[in-house]
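**Student:** Here's a structure for you.
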Amino acid sequence: MSEQLSLLGETRATDRLFFALFPDPGTAERIAALAAQLRQRHGLTGPALAAERFHITLSHLGDYHGLPADIVAKARQAGDQVSAPAFRPHFDRAGSFAGRSGNRPFVLQSRESETVVTAFQRTLGRAMMAVGLGRKAGPYSPHVTLLYDDAMILVHPVEPVTWTAGEFVLVHSLLGQTRHVILDRWPLGAE
């Protein structure tokens with residue numbers, strides 16, 4: 001039985017599991033430079049995330065107290081079922097998502113509602129459902145979080161950011177420690 005947190009918040013989460021896409025190091029540095037420019041332009045005071053933390057979350061698998069072996073095993077089964085070509089995420093807008101005051105995500109997003117990332121996320125979702133992991137997904141908005149801030153910045157165009165996604169990964173995030181541990185990775189086929 002998984003140790004997922006109850007809705008009553010009886011146990012404090014220490015661990016998060018999710019599938020993600022990470023940009024290559026060069027792209028992560030370009031995103032960091034763009035984040036610094038946007039932070040200055042908008043007078044944001046929240047610190048930018050470290051370049052190695054920039055990612056696109058494909059599917060959040062839950063927050064837990066301890067790492068649930070059964071969920072990790074099912075996630076690995078789902079990852080093993082996915083076969084897809086490499087693709088190019090594309091982000092050409094930046095703006096804030098609604099959130100708690102002082103903790104609003106300022107993100108890169110795409111002007112298009114249907115993207116290659118959205119299509120891949122649905123493929124992964126079907127594999128997760130096939131192994132008994134997950135549920136019918138709600139709306140999905142691919143994005144890369146740059147920082148968290150109190151300000152609410154309207155979505156606006158930015159210099160496009162793109163890279164070739166050659167793999168997707170299963171991530172164990174140690175909550176409160178700003179650490180991501182990659183538990184497994186799956187290559188995507190040639191373009």
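**Student:** Would you mention how many residues in segment 93-109 are at pLDDT 95 or above and open to solvent by 30 Å² or more (accessible area, probe 1.4 Å)?
**Tutor:** 1
**Student:** Among the residues of segment 168-184, write down those that are in contact (Cβ under 8 Å) with a residue 40 or more places away in the chain and farther than 15 Å from F54 by Cα.
**Tutor:** Correct list: L174, L175, G176, L183, D184.
**Student:** How many residues are more than 19 Å from A20 (Cβ to Cβ) and part of a strand (DSSP E or B) if we restrict to segment 66-100? Can you show your working first?
**Tutor:** Taking segment 66-100 as the starting set, the residues that turn out to be more than 19 Å from A20 (Cβ to Cβ) are 66, 69-70, 92-96, 98-100.
Still in the running and part of a strand (DSSP E or B): 92-96.
Selection size over segment 66-100: 5.
**Student:** For the subset of segment 64-92 comprising residues that are under 28 Å from V131 (Cα atoms) and among the charged types (D, E, K, R), which member is surrounded by the most Cβ atoms within 10 Å (Cβ to Cβ)?
**Tutor:** The initial filter retains those residues of segment 64-92 that are under 28 Å from V131 (Cα atoms), namely 64-89.
Checking the rest, the ones that are also among the charged types (D, E, K, R) come to 70, 74, 76, 80, 88.
On the way: D70: 12, K74: 19, R76: 15, D80: 12, R88: 12.
Filtering segment 64-92 for residues that are under 28 Å from V131 (Cα atoms) and among the charged types (D, E, K, R), the one surrounded by the most Cβ atoms within 10 Å (Cβ to Cβ) comes out as K74.
**Student:** Here is a follow-up. Which members of segment 136-163 meet the condition of being in contact with a Leu (Cβ under 9 Å, 6 or more places away or on another chain) and among the β-branched types (V, I, T)?
**Tutor:** V144, T145, I153, V158, V161
**Student:** Can you tell me which residue among T123, T162 is touching a Phe, Trp or Tyr at 6+ places or on another chain (Cβ under 9 Å) and more than 19 Å from R16 (Cα to Cα)? Quick ask: steps written out before the conclusion?
**Tutor:** Details: T123 fails: touching a Phe, Trp or Tyr at 6+ places or on another chain (Cβ under 9 Å).
So the residue among T123, T162 that is touching a Phe, Trp or Tyr at 6+ places or on another chain (Cβ under 9 Å) and more than 19 Å from R16 (Cα to Cα) is T162.
**Student:** Pick from E29, E10: which is surrounded by fewer than 17 Cβ atoms within 10 Å (Cβ to Cβ), farther than 25 Å from D184 by Cβ, acidic (D, E) and at pLDDT 95 or above?
**Tutor:** On the way: E10 fails: at pLDDT 95 or above.
None of the others qualify; the one that does is E29.
**Student:** Okay, next question. Inside segment 110-125, can you point out the residues that are among the hydrophobic types (A, V, I, L, M, F, W, C) and surrounded by 16 or more Cβ atoms within 10 Å (Cβ to Cβ)? Talk me through it step by step, then tell me what you get.
**Tutor:** Residues of segment 110-125 that are among the hydrophobic types (A, V, I, L, M, F, W, C), as a first pass: 116-117, 119-120, 124.
Result: V116, V117, F120, L124.
**Student:** Further, regarding this structure: Tell me, please, whether a residue that is farther than 24 Å from T27 by Cα, touching a residue at least 40 places away in the same chain (Cβ under 8 Å) and either open to solvent by 20 Å² or more (accessible area, probe 1.4 Å) or not polar (S, T, N, Q) (or both) can be found in segment 135-145.
**Tutor:** If we filter segment 135-145 for residues that are farther than 24 Å from T27 by Cα, which is where we start, we get 135-139.
Of the ones still in play, those that are also touching a residue at least 40 places away in the same chain (Cβ under 8 Å) are 137.
When the remaining residues are screened for being either open to solvent by 20 Å² or more (accessible area, probe 1.4 Å) or not polar (S, T, N, Q) (or both), the result is 137.
Looking for residues that are farther than 24 Å from T27 by Cα, touching a residue at least 40 places away in the same chain (Cβ under 8 Å) and either open to solvent by 20 Å² or more (accessible area, probe 1.4 Å) or not polar (S, T, N, Q) (or both), one finds at least one in segment 135-145, hence yes.
**Student:** For I182, only one of the following conditions fails: (1) under 13 Å from F22 (Cβ atoms); (2) surrounded by 13 or more Cβ atoms within 10 Å (Cβ to Cβ); (3) out of contact with any Ser or Thr (no Cβ under 7 Å at 6 or more places or on another chain). What is its number?
**Tutor:** It fails just one condition, (2).
**Student:** Pull out all pairs, ordered by first then second residue, where Cβ-Cβ is under 7 Å, the residues are six or more apart or on different chains, the first lies in segment 40-63 and is farther than 20 Å from V131 by Cα and touching a residue at least 60 places away in the same chain (Cβ under 8 Å), and the second is in a loop (DSSP other than H, G, I, E, B) and open to solvent by less than 30 Å² (accessible area, probe 1.4 Å).
**Tutor:** Short answer, once both residue conditions are applied: H42/I153; F54/P23; I56/P89; I56/P142.
**Student:** Please give the number of the condition V169 fails out of (1) modelled with pLDDT of 95 or more; (2) surrounded by fewer than 18 Cβ atoms within 10 Å (Cβ to Cβ).
**Tutor:** Of the numbered conditions (1) modelled with pLDDT of 95 or more; (2) surrounded by fewer than 18 Cβ atoms within 10 Å (Cβ to Cβ), the odd one out for V169 is (2).
The values are calculated or read from the model by the stated rules, or taken from the named source; none is laboratory data. The shown structure was predicted, so the numbers you read here are calculated from the model rather than taken from an experiment. Neighbour counts run over all protein chains shown; Cβ positions are idealised from the backbone, glycine included. Heavy atoms of the whole protein, side chains included, go into the accessibility calculation; ligands, DNA and RNA do not. Shrake-Rupley method; radii C 1.70, N 1.55, O 1.52, S 1.80 Å.
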